[in-house]
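Where a number appears in this text, it was derived from the coordinates with a stated rule and is not lab data. Keep in mind that this is a model prediction, so the values were computed, not measured. Glycine also receives a Cβ, built like all others from the backbone with ideal geometry; neighbour counts cover every protein chain displayed.
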Amino acid sequence: MNKLINHTWFVLPLFLCIGCSGESPIPSADAFDSNISLPIASLNQGISTRAAIDEWNATPISVAYRFEPNLIYAGKLDVTIPDNTGVHLLDTGLDYPSTGGGDDKVYLRGFYPQAVPDATTGIVEYDIKEGNVDVMLSDPVSGSKNDPLSGVAPDVMQFKHLLTRFKFTFKCQPGSNYPNRIAGVFITPKAVTAPIAGVQVDLQTGLPRFINPGAIYCTFEDGSIEVPSGGTPAAILDVMIRPNTSFNLGIVNDDDEMSVTTVTIPAGGAGSVNDIVNNTGGVQGVCYTIELLFSGAAISSGSITAHAWDGGALDITNLNQLNDNNFWH
């Protein structure tokens with residue numbers, strides 16, 4: 001942490017805008033004297049199976065901070081966001097700098113899961129090789145003693161999802177009983193150089209860097225699931241991986257060796273399961289539900305639907321135009 005001369009002690013109230021519409025009961029800056037209030041926006045979206053985060057629900061996050069003129073987010077504090085309603089005021093115990101006549105700023109940026117940034121580079125690194133880590137980053141907010149964070153836009157910390165989410169479901173052709181049970185999926189990048197199993201988050205630029213080429217081995221938490229013959233597909237397997245990455249898909253068999261059977265996705269045009277899996281990969285911050293239909297040991301057909309992260313509606317006509325800045329919540 002930087003040493004500040006003539007600094008002012010403050011409690012940094014963390015404002016989290018939780019998917020609210022209309023006016024929020026945010027106290028005025030005068031209510032805090034020289035204290036900092038840090039606003040954080042809601043996710044607009046609940047915690048589903050595995051570790052995909054759709055809303056705040058006693059969710060622990062980290063907040064990195066830096067003081068002018070430093071460029072590296074070397075400081076870090078941890079907070080817990082209690083729920084997804086209204087705007088929360090969380091005490092953190094930081095200081096607004098009194099340097100620069102009270103005009104020097106403090107910059108803050110939230111990220112999830114909790115981690116410790118590298119003090120030299122301001123980079124946070126995560127391992128995503130099991131496909132169950134939902135990596136999120138907020139936009140930065142800043143304030144000073146003379147111009148404290150107000151808790152209204154643009155002084156609101158908002159989060160985005162850095163990965164792509166796939167929800168796999170399975171069923172067999174009527175009359176078929178193969179495969180009888182499935183333990184999970186095995187995902188490997190098609191290109192040897194296409195990293196898929198790790199992500200670094202640069203807190204200064206806000207850009208993710210994907211590292212460590214490798215596979216994602218994702219299994220059902222409660223063991224294997226039975227694959228139904230016709231009717232409603234089997235339970236959803238929730239996997240989060242690097243965006244824009246084509247991959248090979250394998251089925252983890254329910255046997256003593258947890259062996260893997262590589263499957264071939266039937267041909268399809270733009271936006272089909274075949275296209276997303278084998279060519280384009282998924283878009284950052286988008287959730288895809290993929291239903292695979294087995295006929296014997298082979299997949300005879302598949303369907304895919306693109307959603308918002310929480311499963312809500314998404315305008316897929318604009319999917320190709322979406323980019324890293326389009327998924328703020």
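What aspartates and glutamates could a cross-link reach from Lys167, if we take a straight Cα to Cα line under 13 Å and drop same-chain neighbours fewer than 8 places away?
Asp238, Glu291, Asp310
How would you rank 304-311, 131-138, 293-300, 254-261, highest first, on the average number of other Cβ atoms within 10 Å across their residues?
Highest mean packing first, the order is 131-138, 304-311, 293-300, 254-261.
Below 26 Å, Cα to Cα, which lysines can Lys76 reach? Residues fewer than 8 away in the same chain don't count.
Partners within reach: Lys3, Lys105, Lys129, Lys145, Lys160.
Would you grab the residues whose amide H sits under 5 Å from the one on Leu94? Only those 5+ places off in sequence or on another chain, please, with H modelled 1.01 Å from N.
Phe10, Leu12
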